[in-house]
1. Got a number for residues in the stretch B:324-347 being more than 19 Å from residue B:30 (Cα to Cα), touching a Gly at 6+ places or on another chain (Cβ under 7 Å) and outside any helix (DSSP H, G or I)?
2. Among the numbered criteria (1) more than 7 Å from every other protein chain (Cβ to nearest Cβ); (2) surrounded by fewer than 23 Cβ atoms within 10 Å (Cβ to Cβ), which single criterion is violated by residue B:245?
3. Report, by residue number, each residue of the stretch B:73-89 that is surrounded by fewer than 22 Cβ atoms within 10 Å (Cβ to Cβ), in a helix (DSSP H, G or I), within 29 Å of the chain's Cα centre (by Cα) and touching a residue at least 60 places away in the same chain (Cβ under 8 Å).
4. Check the stretch A:106-113 and report whether any residue there is more than 11 Å from chain B (Cβ to nearest Cβ), assigned to a loop (DSSP other than H, G, I, E, B), within 20 Å of residue A:148 (Cβ to Cβ) and of a type outside the set (A, V, I, L, M, F, W, C).
5. If I ask for residues that are within 23 Å of residue B:261 (Cα to Cα), in a loop (DSSP other than H, G, I, E, B) and either among the charged types (D, E, K, R) or without any contact (Cβ under 8 Å) to a residue 40 or more places away in the chain (or both), which ones from the stretch B:179-225 would you list?
6. Filter the stretch A:1-20 for residues that are within 23 Å of residue B:211 (Cβ to Cβ) and within 7 Å of chain B (Cβ to nearest Cβ) and give the result.
7. Does the stretch B:435-445 include one or more residues that are touching a Gly at 6+ places or on another chain (Cβ under 9 Å), in a loop (DSSP other than H, G, I, E, B) and modelled with pLDDT under 90?
8. Six or more apart or on different chains, Cβ under 9 Å: which pairs go from a residue in the stretch A:93-107 that's closer than 18 Å to residue B:232 by Cα to one that's among the aromatic types (Phe, Trp, Tyr)? Could you list them?
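The values are calculated or read from the model by the stated rules, or taken from the named source; none is laboratory data. Only a predicted model underlies this, so the values are computations on that prediction, with no experimental measurement involved. Note that each Cβ is placed from the backbone with ideal geometry, even for glycine, and that neighbours are counted across all protein chains shown.
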Amino acid sequence: MNASTSSRRSMLDRIRTRPLDSNPLPTVNPSRMTTYSDPVQKFVEILGTVGGQAHIIDRPEQIGETLNAIEVFTNARRIASLVPEAIQGDVDPSCFDDPHGLASLDWVVAPGEFIVAENGAIWVDGRSLPHRVLLFIPQYLALVVSRSQVVNHMHEAYARIGTPTTNFGVFVSGPSKTADIEQSLVLGAHGCRTLQVFLLP
Amino acid sequence: MKLPIVDHPTAARPFVTNPKRSPWHDKALWFVRSKRDKQAKGVSEWEHLRELASEIKTHTVANLADYLEKFEQAATNLGATVHWAADAAEHNEIVLKILRRHETLRIVKSKSMLTEECGLNHFLENNGIEVVDTDLGERIVQLRDETPSHIVLPAIHIKKEEVGETFHQHLGTEKGASDPKYLTEAARQHLRNKFLLGEVGITGVNFAIAETGGIVVCTNEGNADLGVSLPKVHIACMGIEKLIPRFQDLSVFTRLLARSATGQPITTYTSHFHGPRDPDSELHIVLVDNGRTRLRGNSEFRDSLNCIRCGACMNTCPVYRRSGGHSYHATVPGPIGSVLSPTRDAKSYKSLPYACSLCGSCTDVCPVKIPLHHQLLAWRKELVGRGLLPVSKRVSMRFASMLFQRPRLFAVAGKCGRTALRVLPHWMTHNRLNTWTIARELPSPPRESFREWYGRNRNDD
């Protein structure tokens, strides 16, 4: 503990003995940034390029219908749903004290807060997840978000979050992926193998 | 620790002279560079973003002490524990102490160039702790007992057949299998078990926010998230230059990072951690100096602290692309590595500022506008001043200097040179004493020098 305290002092001292002039922090002017005439369409397009699939739907029941047409969903045995109006899961993740118990989940359906047009990202607030591992451990992931909740770019996204009030939040853009073997893109590295995004009105 | 002297041309020779490997590596990286260009061109405010990023970083480095204290205060208020490490050894001790307190035997780690810089893996292994790198590329180099050759693409130098062989040995995949999809699936299964057994998760940090006390980690594989959302203890290790002042500043950097690094619009997962998961869990943040405060004091090379480790400068560098990352013998290779490494040990890394054609491409692509090729040139000046140039270069430079100071001698030397080029037989100029001509022809000499021509034609006034 003492070593760390003395290192703290020596690091801060070394910085302070060499004061540097600096300009004030710049302010980002959002009006200089690209916006889109149809940001939802842009989101759908970019999500496709990063390996995700978007579905524009009118009613939550359509989520079940769409998923039931996917083979890996109908074969799934363990499904956790945090969006009960869309689909009933057969595993209730809030019953688990230890997140390790969720390791065998096939599908998770979770809510997102808003979507970002420029990069196909969905902001997921940790508060909506009984365990944050629910986003990363299932084989397949579906996110449900209202398409009225769309921002153009990351400046609007962070302005919208404002000051973070939860201990975890993540932008998800497409399924987990890697190109570490000879630059060949493979979907499904450690996290979800596919990502379905349902865009409600 | 005394480091051996790295001679980049010698270290690069096996790679460069491999007729298959070098062009293949060159092409793979140029592909990444092209993807980056496409993304950069797709954002019309790109140059404005680079400008903003550079201003934010420069401001932060100038006021680093205040922001570090602010960060510590905010992170502590959220329930995280902040540690300060003056150097690599102290960083490693801090991590080990936390692991010992939890009686940890197995850790899962996501990619962190800082822990590579500190040599954390071997240190922990020597202390009886199993370390599993979970980034696929890092796992590949770990199983092969190598080091990453690139800061974003650790296994870019390895062919899929070699990965297949490594996985056959360690993970029991089929012999001769080289399909990236099959090999990635095998690694997924293998690492799933490791994730479930991991007792503590260690990650790097892409950005730390002074205002909120939060940290941001970016991955494509989801390995950092999986690694820290199962165990109760998360240790995040960061160099002090990872700090940014405000939460809103993330907007600038998350737009630049993945586009510059791999040509993606954003990484698949951009995770924001503010304090530990729950009252039962722990979040430790280790702030590491290891030469950074000293580098901050150096006005010539200070800008290199702005680096966000995207790797764009290596992807574009004609020398890196052909010589491979291992030829730099440094944790961070490429142009930025050639600036940073000599700041640690000028003598050991004195050849790196010369592993550069001064083409300036690195400076053009750098998302935080570090004047990389100017810094590499500045290093050469510095090395000359410190007398670290090899004798051959010192003597020839002194000779050139003498020649340029004496116009008449220069004219005579020029004449001799032109005549020599004309009359000398080929074997006299092309032999093993003259390494310059190994793959080059000498120019055909002009009949007269510019000086002679000028004297004849423009000598009126």
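1. Summing the residues that are more than 19 Å from residue B:30 (Cα to Cα), touching a Gly at 6+ places or on another chain (Cβ under 7 Å) and outside any helix (DSSP H, G or I) in the stretch B:324-347 gives 1.
2. (1)
3. B:88
4. Yes, the conditions are met somewhere in the stretch A:106-113.
5. Hit for the stretch B:179-225 is B:221, nothing else.
6. Across the stretch A:1-20, the qualifying residues are A:8, A:11, A:12, A:15, A:16, A:20.
7. Scanning the stretch B:435-445 turns up at least one residue that is touching a Gly at 6+ places or on another chain (Cβ under 9 Å), in a loop (DSSP other than H, G, I, E, B) and modelled with pLDDT under 90.
8. A:102/A:96; A:103/B:195
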